[in-house]
Amino acid sequence: MPSKDLLENVKKLREITGVGFKDCKLAIDETGGDMEKSIEFLRKKGIAKASNKMSRTASEGLCLVESRNNEISLIEINSETDFVAKNKEFISFCKEVSKINFDKKSNLEEIKKFKMISGQTVEDSLIDLIAKIGEKITLRRSIFFDNQNGINSFYIHNALEENIGKIVSIVRTSKSDNVDIGKKISMHISAMSPLALDKDSLDKKIIEKETEIIKAELTNSGKKPEMIVKISQGKINKFISDNTLINQVWILDSKKKVSDILKENSIKILDFVRYKVGEGI
């Protein structure tokens, strides 16, 4: 087997089983590169921790922020259980990867190849951590806000420690004399979970699906066709209002909308993102 293919197979086997490099290489050599037989070989030796580990769901974990000179990076790293998310080794790994994420501007492929303090790549360190802890761990997603065209602010809901939490929001606004307004908007985003900035940027497929659901509910309730059209439009308008950032009721003053706050502070929202650990998995 060519050395490149051998290394790829060893790496894959390590990810699946959580076993070290030496034993995985032996298994690959003994079975001629057959992955299933290699897993069986390791299980018979009693050293494969979980042959189906990478097929399991990892929906717990942490979101981590790095912020320097008006640039912000955000990364979500998942584990299977909240217990592991509180593990010191897991947290230490996440912190170091978060710093690398900032330096690499949230390019996950570049991050995996980057060497950590230990001298190992992030990818190899991840595999070793999976083997040691015994759970699936993944670098799920990341994003980077550069310092061009605006002010970046972030908010961590119920921060576990500095720059680490379960829900994190970042917002980019135009410049404002109110230095706190960006953080307040970020806090609103964390709490209210808008799907889009405004109606125009809301995915039309989401509106179509919601319309379909509303009409089906009204039909099943026995409403007449002409009433269904009227009522469904009103419900869709409310759905759009509730799920678009500028139309939402301002979390700090129920008499105002976010759009009112933007006018009062003479600013615009240029971009935003909200990560919640495990959301959508």
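Computed from the coordinates by the stated procedures, all read-outs in this text should not be read as laboratory data. The structure displayed is predicted, hence computed values, not measured ones. Methodologically, a virtual Cβ is constructed for each residue, glycine included, from the backbone with ideal geometry; neighbour enumeration extends over all protein chains shown.
Please report, to two decimal places, log10 I(q)/I(0) for region 134-196 at q = 0.13, 0.19 Å⁻¹ as given by the Debye formula with identical point scatterers on the Cα atoms and no solvent.
The calculated log intensity ratios at q = 0.13, 0.19 Å⁻¹ are -0.42, -0.82.
Taking just the alpha carbons, could you work out the radius of gyration and Dmax for region 47-155, both in angstroms?
14.6, 53
Give me the Debye-computed log₁₀ of I(q)/I(0) at q = 0.08, 0.09 Å⁻¹ for the chain, equal point scatterers on Cα only, no solvent, two decimals.
For the requested q values the scattering log ratios are -0.48, -0.59.
Can you sort I72, I143, I117 so the residue with the fewest Cβ neighbours within 10 Å comes first? Intermediate values should be presented prior to the final figure.
Values: I72 24, I143 16, I117 7.
Going from least to most buried by this count: I117, I143, I72.
Which residue fluctuates the most in the chain, going by a Gaussian network model with Cα springs under 10 Å, if the choices are S67, S118, S266?
S118
Could you work out which residue, out of T57, T211, T244, moves most in a Gaussian network model of the chain, that is, has the largest mean-square fluctuation with Cα springs under 10 Å?
Result: T211 has the largest fluctuation of those listed.
Take the Cα radius of gyration of region 199-264 and divide it by 2.2 N^0.38 Å, with N its residue count; two decimals is plenty.
Details: Rg = 14.6 Å, N = 66, 2.2 N^0.38 = 10.8 Å.
It is 1.35.
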